[in-house]
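In what follows, a single structure is set out as structure tokens and then discussed.
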Amino acid sequence: MNNNLDWKKYLIVFLITTGLFLTAVYLSNYFGDKKIDQLKTIQDKIAIDILSSETQFSLLSELSCKNISDSVFSSELGELGNKLEWSQENLGATEEVSYLKKYYSLLQIKDYLLTKKISARCGTKSAFILYFYTTAENCTLCEDESLILSTLRSKYPELRVYSFDYSTDLSAVTSMLQIYKIKDTVLPALVIDDEVLSGFHSLEDLEARIKESFKLQEAKPSEANKK
Amino acid sequence: MPSIPDVIFYILVFLSVYVQVFFFVTFLENRKKIITRNEKVKLASYPEVTIAVPSFNEENTIEKTVWSLLRLNYPKDKLKIFLIDDGSTDNTWKIISKFASHSNINIFHKENGGKFTALNLALENLKTDFFGCLDADSFVDSESLVRIMSYFEKDSLTMAVAPSVTVNNPKNIIQNAQKAEYSMGVYFKKMLGFLGAINVTPGPLTIFRRKVFDDLGPYRHGHNTEDMEIAYRMQKNNYKIEHCNDAYVYTNTPATTRKLYKQRLRWVYGFINNTIDYRDVVFRKKYGNFALFTLPMGIISILSVGYLFGRIVYNLGDFLYSKIMEFQLIGLDFQTEKLILDPFFINTRSFIFLIVLIYLLIIFAIIFGRKMTKEKNIFSLNILYFFPVFSLLAPFWLLKAIYNTIVRRKPAWR
């Protein structure tokens, strides 16, 4: 008959289901940790590359520019940025992710300074954009601007975009914000050739400025040569 | 802090996993009791059985249906067949009339009143201790009846025995998808049978003891699902319903999306409204697993599908919106549309593993259902049609059934 209710079974199934749930959570954390490890490995590699470039630069500063390898930025730092952004969305803003983000910001600043030095001394062709955004509040303009910048980046491989989360708690980033007098009310903000552009800027607008920036940097070494 | 929609989502995932694990545990407990017979079954005695075939405009299939009954491996003098024309406007009556000469066939003609009225006419004329119905679009396997009757012989408390319904000659994607679904249905029905918690005694060849109707009264309209209503009524009165997995009935299934939609809308509407009618049964432990498992499971599946659909529509809308915005910002830019094949970007959030688990258990249900019905190719690929066809269509009939329930019931509440 129907009255053969087996409470034990309901309980056992509940325990099994809970067990499966916990296993799923465990697996999720396991793969999340693997991803964090992967990010750390990439970061360490970039850190070594930057350090190596810096050292190389110091060593060879008196010598010709030919021997200086290009800075590491380009693909690797960009890839790291993408993965960090994805991790923040999908793994949640854990302490580890925000720690990695700080490290990433620092690497970007170092790379920026180094590339700028190399560029100034050796006249290599590069255009820089410093980009400040925020993830602390819902900033749709920031999302739009990020999209435009990644489009530009894929269009002009030489273009270097360094992006900084306004809410990153790191003194180096705070210094950058102070240098360019950027407040959270004007985000997104861009710095192109030491000029601060606050608010949203369209693709056409930025493209025009970049072209200008390219020319500017191309012109400098030839002027120097004339002298 | 997780958001409220996420919490609801995880609760629904938890409950869905619970349901599937419950079925699987039931399977593990009872797997040795699942017997699929190949040999001819012999009964100690062959009780008299009446099978009624109600029909409304079934000129294309009814002849084959009746012949399948006449070929049943059951003593001719113990089997009565009632052919009932429920006011057809086609040639059904003409075809039925041809069978009038058979000594064990009675034919009836009545004004159209719906399937339950045709069945009740049969019940009024019933003289045997066992009664069954066969939809006029279905055909029975010749061994089906004797196998069903063996369940009654084995247990005098068994009040009804449902067969394994499978799809007759599937031709297109829609029918192949249903074929996989029916196989899954056979597995789930067998498990519900073990739990004493079957909630439908399907129109194609469920056999009842006459006592059921003598005690509980005739068929009711049951929101156009009289075969569900009678099962609810039986469960409410603790009448045992079994499932005979090796009694095969082949049914014609809807061949178009529209027809499938209409059929399923009727079924789901029937489920919702019969459950509302019998709401005093839900979660009452004296009604057993039917009240604590079957009905809550049905409610959970409707909620899950409805909620998931809402979530998917929302995400899809969000995605399209962001794509449109993207287009406005940067135009059509194919450079950024790179295929990201890095395994890093594979989503490994916990619900993904659970959903994969649910899918695996459903695939197991389909494959084992096929095994129970002796299908030749138990790894048939119609499984590939099942998931997309039902994931795409089911939300529509579910939501429409909910909508119809709300709209039609409103006046009655005032």
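Some observations on this one:
- Using a Förster distance of 60 Å, the FRET efficiency for B:Thr89-A:Thr94 (Cβ separation, nearest 0.05): 0.30
- Peptides B:29-42, B:230-243 ranked from most to least packed give B:230-243, B:29-42, packing being the mean of other C-beta atoms within 10 angstrom over each peptide's residues.
- Taking label positions 7 Å along the Cα-Cβ direction at both A:Lys40 and A:Leu59, the computed distance is 2.9 nm, reported to one decimal.
- Distance from region B:187-221 to region A:18-37 (C-alpha centre basis), Å: 44
- By the beta-carbon count within 10 Å of each Cβ, the least crowded to most crowded order of A:Cys122, A:Cys139, fewest first, is A:Cys122, A:Cys139.
- Averaged over the residues of peptide A:23-32, the number of Cβ atoms from other protein chains lying within 10 Å of each residue's Cβ is 5.
- Under 5 Å, built H, 5+ apart or other chain: amide partners of B:Leu83: B:Val53, B:Asn106, B:Ile107, B:Phe108
- Remark on region B:189-312: hydrodynamic radius 15.6 angstrom, per the Kirkwood mean of 1/r across alpha carbon pairs.
- C-alpha long axis of helix B:115-124 to longest principal axis of chain B, angle in °: 30
- Mean sequence separation of contacting Cα pairs (under 8 Å, at least six apart), scaled by the length of region B:56-204, corresponds to a relative contact order of 25 percent.
- Amide H contacts of B:Ser88: B:Asn57, each under 5 Å away and 5 or more positions distant or on a separate chain (H built 1.01 Å from N in the peptide plane; Pro and chain starts excluded).
- Temperature 4 °C, viscosity 1.567 mPa s: under these conditions the Stokes-Einstein estimate for the protein assembly as shown, based on its Kirkwood radius over C-alpha pairs, is 43 µm² per second.
- Overall form of region B:6-137 per C-alpha gyration tensor (a/c, 1.5; a/b vs b/c): oblate
- With the helix formula -39500 (n - 2.57) applied to DSSP H stretches of n ≥ 4, the protein assembly as shown reaches a computed 222 nm mean residue ellipticity of -19500 deg cm²/dmol.
- Neighbour counts of C-beta atoms inside 10 Å place B:Ser88, B:Ser164, A:Ser58 in the sequence A:Ser58, B:Ser88, B:Ser164, starting with the fewest.
- Per-residue average of Cβ from other chains inside 10 Å of B:348-359: 5
- Cα-based helix-to-principal-axis angle, B:350-372 vs chain B, degrees rounded to 10: 20
- For region B:103-196: rounded, prolate or oblate by the Cα gyration tensor [a/c cutoff 1.5]: oblate
- Diffusion coefficient, µm² s⁻¹, Stokes-Einstein with Kirkwood Rh over alpha-carbon pairs of chain B at 25 °C and 0.890 mPa s: 106
- Peptide B:16-23 - average C-beta neighbours from other chains (10 Å radius): 5
- Cα-based helix-to-principal-axis angle, B:4-30 vs chain B, degrees rounded to 10: 40
- Separation in nanometres of the label points that stand 7 Å from Cα toward Cβ, at B:Lys323 and B:Thr257: 1.8
- Legend: calculated FRET efficiency, A:Asp169 to B:Ile300, from the Cβ-Cβ distance at R0 = 60 Å, rounded to 0.05, equals 0.85.
- Label point distance in nm, A:Ala136-B:Ser103, each placed 7 Å from Cα along Cα→Cβ: 9.6
- Pairwise centroid distance, computed over Cα atoms, of region B:16-90 with region B:230-284, Å: 16
None of the figures in this text is laboratory data; all of them are computed from the coordinates on show. Every value quoted in this text rests on a predicted model; they were computed, and no experiment measured them. Cβ sites come from the backbone with ideal geometry, for glycine too, and all protein chains shown count toward neighbours.
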